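Enquirer: Got a structure for you, written out below as structure tokens; questions coming shortly.
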Amino acid sequence: MIKNMQELINEFEASGELHRVKAPVDPELEITEITDRISKSGSLALLFENVGESAFPVLINAFGSNDRMRKILGCQSFDDIGARIQAFLDTKPPGSLKEKLKTLFTLKEMSGFLPRKVKSAPCQEVMHGPESELLDLLPILTCWPKDAGPFITLPLVITKDPDTGTQNLGMYRMQKFDRATTGMHWQYNKDGARHFDKYRERKQRMEVAVALGGSPAVTYASSAPMPPEVDELMLAGFLNNSPVEIVKAKTVDLFVPAQSDFVLEGYVDPDESRIEGPFGDHTGFYSPADYYPVFHVTCITRRSDAVYPATVVGKPPMEDVYMAKATERIFLPLIRMLVPEIVDMELPMEGVFHNCALVSIDKKHPGQAKKVINALWGLGQMSSTKFIAVFDSDIDLHEPSTVVWKLLNNVDPKRDMLFSEGPLDALDHSAPYPNFGGKMGVDATRKTREEGMGRPWPEEITMSEDIVQKVTQRWRDYGF
Ligand SMILES: Cc1cc2nc3c(=O)[nH]c(=O)nc-3n(C[C@H](O)[C@H](O)[C@H](O)COP(=O)(O)O)c2cc1C
Ligand SMILES: [Mn+2]
């Protein structure tokens, strides 16, 4: 388990996966251009030691490879984590599937991974009060030329449900407006926004803490689509195989991860909003400016050896592609619990996750592919998926050429397309309205007579096994 950013730097440096940049660099655009080139060519973690006027180094692209993601999540393969989750599911007595999912993270077996409260913590070694430079202390990056300003790009936003007292940890970017305020870019369907709606109804300010850095598994967990009402710190504890230590924040009634590098404490006022953006986003386009709530920072605590974590999003592949790949594998067993005929899933990076899902199914009855498409359009964060294509289970969804081949050959557009409309991701720019628009499903499975296929389905070409073996054995005889 990698406990904090300092351990992560040591580990990745020892394995040759981290490059230190000692030359002075500008947090405005220069770091992005360097990081983008590294992301598109082999992908090392980068530690910028000398960033603008800031006293703190910047760690970027720590999550930017499948190998490093596996080390961060402590697994040999992401599917091993899925299998661990599956094992927990199997211990549950039969009940409705929905019920099972809801109770999965409240199981007795999971209680060992609940966060553990501690009295003192590294994240509170140094405190900067309300009169200090606050956000001016941090080397916050301006990522792209038309961004509205500097953005904190790896923030773990901690809020509390006023009804249940459950905390949520969500990654929502934050535009720095000045030394003491930022935007708070939680999209309407995210847990932070749901908490905020409750405070608005009560006409109360909401206390917010924002952690930066600390345990990389905690940072990953804050981006994971956990069901509402389940603390992401429990997932991080599960991944680390050890509870996350949390400490009471200094000035707000929230618990924050003890290993964090920085903690920003403050509040969001329901009566206040301000234009946020544009921001060069992970779609590869600028997301437009819009009104979002404002976060007031009233104090900052930090480690004495704090490192500022950042990421740059842009045209894929960037660092977030590897975080999303882990999510695709880890959450597959949960999706399969609700839609059991699903065998595998691939979210191609060009679809930037919300635009396209490929799934394979074990097809048993007519119309099943279309059933699966509709089911996914009603499932948690999957419901904002724009394109879904369904294949038979004898396909490797992770081979783009095979996928396109089957898609183009197996589909009769008139019979196999399903057009619909519904909620879309806030970052979709093609739809006529924000968050709502058209959707398309494609049934690329083998079609049967019951599905209106008037002709026999052809057999796929494969060589007979004895000839394959014979040729393998004789390969040298042919002079190759
Ligand atoms: C680098 C990165 C940046 C993100 N930025 C945002 C953002 O600005 N707003 C947002 O709503 N979601 C953003 N997300 C996605 C959320 O973190 C993700 O949907 C998460 O599940 C939200 O947590 P929640 O379900 O507890 O709300 C981002 C994810 C990553 C990896
Ligand atoms: Mn959540």
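Enquirer: Taking the Cα atoms only, what angle lies between the long axis of helix 319-338 and the longest principal axis of the chain, rounded to 10 degrees?
Expert: 60
Enquirer: Indicate, rounded to the nearest 5 percent, the antiparallel portion of the DSSP beta bridges found entirely in the chain.
Expert: Values: 57 of 78 bridges.
About 75 percent, rounded to the nearest 5.
Enquirer: Can I ask one more? When all protein chains stay in place, what accessible area (Å², nearest 10, 1.4 Å probe) is found for residue 335?
Expert: For residue 335, solvent-accessible area is about 20 Å².
Enquirer: Only Cα pairs under 8 Å and at least 6 apart count here; give the relative contact order of the chain as a rounded whole percent. Intermediate results must be reported in sequence, preceding the final value.
Expert: Working: 967 pairs, mean separation 70.8, N = 480.
Value for the chain: 15 percent.
Enquirer: Let me ask something else about it. Using a 1.4 Å probe and counting only protein heavy atoms, arrange 37, 303, 274 so the residue with the most accessible area comes first.
Expert: Values: 37 155, 303 20, 274 105 Å².
The ranking, largest first, comes out as 37, 274, 303.
Enquirer: Continuing with the same structure: When the label point is put 7 Å from the Cα of residue 405 along its Cα-to-beta-carbon vector, which residues of region 451-480 have a backbone N closer than 12 Å?
Expert: Hits in region 451-480 for residue 405 at 12 Å: 460-463.
Enquirer: Note the full-extension length gain between residue 478 and residue 394 as 0.36 nm times their separation in residues minus their Cα-Cα distance, in nm to one decimal. Please list the in-between numbers first.
Expert: Details: separation 84, 0.36 × 84 = 30.24 nm, distance 3.19 nm.
Once the chain is fully extended between residue 478 and residue 394, it gains 27.1 nm.
Enquirer: Among all the aspartates and glutamates, which ones have a C-alpha under 15 Å from residue 370's C-alpha, if same-chain residues fewer than 8 places away are not counted?
Expert: Correct list for residue 370: 341, 362, 392, 412, 416, 421, 443, 450, 451.
Enquirer: Sticking with this one: Under 30 Å between alpha carbons, and skipping anything fewer than 8 positions from residue 470 in its own chain: which lysines qualify?
Expert: 406
Enquirer: Compute the Rg/Rh shape ratio of region 174-279: radius of gyration over Kirkwood radius, all on alpha-carbon atoms. Don't skip to the end; give the middle numbers.
Expert: Details: Rg = 14.5 Å, Rh = 15.1 Å.
Value, to two decimals: 0.96.
Enquirer: How far is it, in nm, from the label point at residue 205 to the one at residue 91 when both lie 7 Å from their Cα along the line to the Cβ?
Expert: Placing both labels 7 Å beyond Cα along the Cβ direction yields 4.3 nm.
Enquirer: From largest accessible area down, sort 261, 412; use a 1.4 Å probe on the protein chains. Please list the in-between numbers first.
Expert: Details: 261 0, 412 65 Å².
Listed by decreasing accessible area, they come as 412, 261.
Enquirer: How long are the three semi-axes of the equivalent ellipsoid for the chain, computed from the Cα gyration tensor as the root of 5 times each eigenvalue, in whole Å, largest first?
Expert: Numbers: eigenvalues 332, 139, 106 Å².
For the chain, the semi-axes come out at 41, 26, 23 Å.
Enquirer: Quick one: grab the alpha carbon gyration tensor of region 231-299, order the square roots of its eigenvalues as a ≥ b ≥ c, and give me rounded if a/c is under 1.5, else prolate or oblate depending on whether a/b is larger than b/c. Could you put the intermediate results ahead of the total?
Expert: Details: a/c = 2.93, a/b = 1.45, b/c = 2.02.
Taking the square roots of the gyration eigenvalues as a ≥ b ≥ c, region 231-299 is oblate.
Enquirer: Here is a further query. Spin-label point model (7 Å from Cα, Cβ direction): what's the residue 14 to residue 253 distance in nm?
Expert: About 4.4 nm separates the two model spin labels.
Enquirer: Of all the accessible heavy-atom surface of region 248-368, with the other protein chains kept in place and a 1.4 Å probe, what percent is carbon and sulfur? Provide the component values of the computation, followed by the final result.
Expert: Details: 2210 of 4010 Å².
Whole-percent figure for carbon plus sulfur exposure: 55.
Enquirer: Excluding ligands and nucleic acids, what accessible area in Å² is computed for residue 232 using a 1.4 Å probe, to the nearest 10?
Expert: 10
Enquirer: What is the gain in length, in nm to one decimal, between residue 114 and residue 275 on full extension, counting 0.36 nm per residue of separation less the C-alpha to C-alpha distance? Walk me through the numbers on the way to the answer.
Expert: Working: separation 161, 0.36 × 161 = 57.96 nm, distance 3.73 nm.
Working it through step by step, the gained length comes to 54.2 nm.
Enquirer: Full-extension gain between residue 289 and residue 187, please, as 0.36 nm times their residue separation minus the C-alpha to C-alpha distance.
Expert: Working: separation 102, 0.36 × 102 = 36.72 nm, distance 1.31 nm.
That works out to 35.4 nm of additional length.
Enquirer: Continuing with this model, one more query. Compute, for residue 304, the solvent-accessible surface of its heavy atoms (probe 1.4 Å) with the complete set of protein chains present, and express it in square angstrom to the nearest 10.
Expert: 80
Enquirer: Can I ask one more? Relative contact order, percent, of region 341-480 when contacts are C-alpha pairs under 8 Å separated by at least 6 residues?
Expert: Working: 201 pairs, mean separation 30.2, N = 140.
Reported as a whole number, the value is 22 percent.
Enquirer: What residues of region 196-218 lie in the reach of a label at residue 132, counting those whose backbone N is under 19 Å from a point 7 Å from the Cα along Cα→Cβ?
Expert: Counting only backbone N, you get 208-214.
Enquirer: Using only alpha-carbon positions, what ratio does the radius of gyration of region 330-473 give when scaled by 2.2 N^0.38 Å? Kindly include the intermediate steps, with their values, before the conclusion.
Expert: On the way: Rg = 16.9 Å, N = 144, 2.2 N^0.38 = 14.5 Å.
It is 1.16.
Enquirer: Here's a follow-up. With a probe of 1.4 Å, find how much accessible area the chain has per residue, and write the answer as a whole number in Å².
Expert: 46
Enquirer: How large is the dipole of the chain about the Cα centre if only Lys and Arg carry +1 and Asp and Glu carry -1, each at its Cβ, rounded to the nearest 20 debye?
Expert: On the way: 54 positive and 68 negative charges, 217 e Å.
Using only the charged Cβ atoms, the result is roughly 1040 debye.
The values are calculated or read from the model by the stated rules, or taken from the named source; none is laboratory data. Because the structure is predicted, anything quoted here is derived from the model rather than measured. Glycine gets a Cβ as well: all are built from the backbone with ideal geometry, and neighbour counts include every protein chain shown. Note: areas computed on protein heavy atoms with side chains; ligands, DNA, RNA excluded. Shrake-Rupley method; radii C 1.70, N 1.55, O 1.52, S 1.80 Å.
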